[in-house]
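Notes follow once the structure below has been shown.
The values are calculated or read from the model by the stated rules, or taken from the named source; none is laboratory data. It should be emphasised that the depicted structure is a prediction, and the values quoted were computed from it without experimental measurement. Neighbour counts are summed over all protein chains in view; Cβ atoms, including those assigned to glycine, are modelled from backbone coordinates with ideal geometry.
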Amino acid sequence: MVHSHENTWHGQIQTIHVRPLRFNLLVGRRGLRLLGQWIKVFLSPRLLTYVWLEAGRFKPMLGRQVVATSQGLRDDCAQAYPRSSSVLSVIPPGTYMPIATKPREVYRAQLNLQKDGRLLLFVANDYARKGLDTLLEAMTCLPVDVSLAIAGNTRQAARYILQAERMGLASRVHFLGSLENLSTAYFAADCLAHPTREDSFAMVVLEAMAHGLPVVVSGPAHCGISRELTNEEDALLLTDPADAKQLAQLIEAVLEKPVLAEQLRRHGLAFAHSHSWENAALQYEALYEQAVSIR
């Protein structure tokens with residue numbers, strides 16, 4: 001039995017983490033636009049190879065199971081490869097349930113952050129796609145005692161450091177870079193902000209919930225995990241990831257309303273507990289047995 005997470009034809013179990021290339025290139029296009037996209041593919045050896053390999057992943061065969069990490073991603077896969085609909089299923093990623101062993105101030109000190117004030121957390125490697133532009137704009141609408149910690153290693157960092165300076169946020173925005181242990185950042189913060197423009201699932205949201213952190217995240221149209229969340233119970237859902245004003249209002253609601261923050265924390269912990277790695281493993285075990293019995 002081979003279980004693959006890579007873009008290859010080999011493997012009875014194929015786990016899909018991102019929207020299929022075929023969906024991005026072809027779905028929703030008709031006539032000349034569709035023809036133009038196919039010409040683009042055939043003129044590019046790189047694109048042609050990727051499309052060919054991806055088609056191999058989704059090709060129906062005896063014992064094959066294709067697993068999407070969210071319902072939204074499964075729907076995208078079904079549109080891109082309709083013949084594979086019968087073997088498509090959904091198994092979300094899992095998480096562990098860590099426990100804070102120190103006061104929040106200690107975790108902040110470990111990251112060289114101020115001990116007082118309110119702290120937002122943003123975790124991403126692709127700052128632009130995950131909505132940092134909107135979040136920085138929202139920061140200008142929030143009280144001055146609210147700071148932002150940004151975790152993740154990216155070549156985009158230099159541009160955003162300059163952008164924060166131009167917006168007068170240099171003293172309130174802290175770029176942490178790549179962290180060996182993200183738990184330190186989760187336990188240091190008061191709220192996770194994830195105004196992503198596109199996410200097939202969003203592991204950082206699940207991890208933040210597992211650390212007891214209230215979450216503000218883009219809604220189901222932009223983020224896969226949000227399809228499973230109830231607005232104002234599990235998290236606060238942002239309708240438009242480009243709407244900095246709404247984002248600031250949702251963040252301020254978490255920071256200014258302790259009862260709401262505690263409710264989000266409790267429901268988030270329960271949600272994370274139901275998405276443990278143990279549960280994911282049991283679901284995959286059932287798929288393995290099904291694939292073997294068919295073969």
Can you say whether residue 127 is at pLDDT below 95 and of a type outside the set (Gly, Ala, Ser), as far as the supplied structure shows? no
Among residues of the stretch 6-39, those that are part of a loop (DSSP other than H, G, I, E, B) and either outside the structural domain of residue 59 (by TED's automatic domain parsing) or surrounded by fewer than 13 Cβ atoms within 10 Å (Cβ to Cβ) (or both), counted: 4
The correct count of residues that are part of a helix (DSSP H, G or I) and polar (S, T, N, Q) in the stretch 189-223 is 0
How many residues of the stretch 176-211 are more than 21 Å from residue 229 (Cβ to Cβ) and either touching a His at 6+ places or on another chain (Cβ under 8 Å) or among the charged types (D, E, K, R) (or both)? The answer is 3
If residue 124 passes every condition in (1) among the small types (Gly, Ala, Ser); (2) out of contact with any helix residue (DSSP H, G or I) (no Cβ under 8 Å at 6 or more places or on another chain); (3) within 23 Å of residue 155 (Cβ to Cβ) but one, which one does it miss? (2)
Kindly establish whether residue 2 is within 24 Å of residue 279 (Cβ to Cβ) and more than 19 Å from the chain's Cα centre (by Cα). yes
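Yes/no per residue for (1) β-branched (Val, Ile, Thr); (2) free of Cβ contacts under 8 Å to residues at least 24 places away in the same chain:
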position	(1), (2)
31	no, yes
38	no, yes
42	no, yes
53	no, no
68	no, no
71	no, no
80	no, no
91	yes, no
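Run down 196, 239 and say which single residue is within 21 Å of residue 160 (Cα to Cα), modelled with pLDDT of 95 or more and of a type in the set (Ser, Thr, Tyr). If you could, list the steps in order and put the result at the bottom.
Working: 239 fails: within 21 Å of residue 160 (Cα to Cα).
Result: 196 is the single residue among 196, 239 that is within 21 Å of residue 160 (Cα to Cα), modelled with pLDDT of 95 or more and of a type in the set (Ser, Thr, Tyr).
For the stretch 224-295, please list each of the helices (runs of 4 or more DSSP H) lying entirely inside it that holds at least 2 residues being basic (Lys, Arg). Give the steps one after another, and end with the answer.
On the way: elements: 244-256, 258-274, 277-294.
Result: 258-274.
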Within the stretch 246-278, can you find the residues that are more than 26 Å from residue 134 (Cα to Cα) and either in contact with a Phe, Trp or Tyr (Cβ under 7 Å, 6 or more places away or on another chain) or among the acidic types (Asp, Glu) (or both)? 277, 278
Yes or no: residue 101 touching a helix residue (DSSP H, G or I) at 6+ places or on another chain (Cβ under 7 Å), at pLDDT below 95 and not charged (D, E, K, R)? no
Here's a check for you: in the stretch 214-242, which residue that is of a type in the set (Asp, Glu) and more than 24 Å from residue 19 (Cα to Cα) is surrounded by the most Cβ atoms within 10 Å (Cβ to Cβ)? 234
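For residue 280, are the conditions met, namely being farther than 25 Å from residue 152 by Cα, buried (at least 16 other Cβ atoms within 10 Å of the Cβ) and modelled with pLDDT under 95?
Working: farther than 25 Å from residue 152 by Cα: yes; buried (at least 16 other Cβ atoms within 10 Å of the Cβ): yes; modelled with pLDDT under 95: yes.
It is true that residue 280 is farther than 25 Å from residue 152 by Cα, buried (at least 16 other Cβ atoms within 10 Å of the Cβ) and modelled with pLDDT under 95.
Evaluate the following for residue 65: is it at pLDDT 90 or above, more than 29 Å from residue 254 (Cα to Cα) and buried (at least 18 other Cβ atoms within 10 Å of the Cβ)? Please lay out each step first, then the result.
Values: at pLDDT 90 or above: yes; more than 29 Å from residue 254 (Cα to Cα): yes; buried (at least 18 other Cβ atoms within 10 Å of the Cβ): yes.
For residue 65, the condition - at pLDDT 90 or above, more than 29 Å from residue 254 (Cα to Cα) and buried (at least 18 other Cβ atoms within 10 Å of the Cβ) - is met.
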Please count how many residues of the stretch 40-66 are more than 30 Å from residue 292 (Cβ to Cβ) and assigned to a loop (DSSP other than H, G, I, E, B). 2
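For the stretch 80-91, name all the residues that are of a type in the set (S, T, N, Q), over 24 Å from residue 205 (Cβ atoms) and either surrounded by fewer than 17 Cβ atoms within 10 Å (Cβ to Cβ) or within 24 Å of the chain's Cα centre (by Cα) (or both).
Step one: filter the stretch 80-91 for residues of a type in the set (S, T, N, Q), giving 84-86, 89.
Checking which are over 24 Å from residue 205 (Cβ atoms) leaves us with 84-86.
Answer for the stretch 80-91, where residues must be of a type in the set (S, T, N, Q), over 24 Å from residue 205 (Cβ atoms) and either surrounded by fewer than 17 Cβ atoms within 10 Å (Cβ to Cβ) or within 24 Å of the chain's Cα centre (by Cα) (or both): 85, 86.
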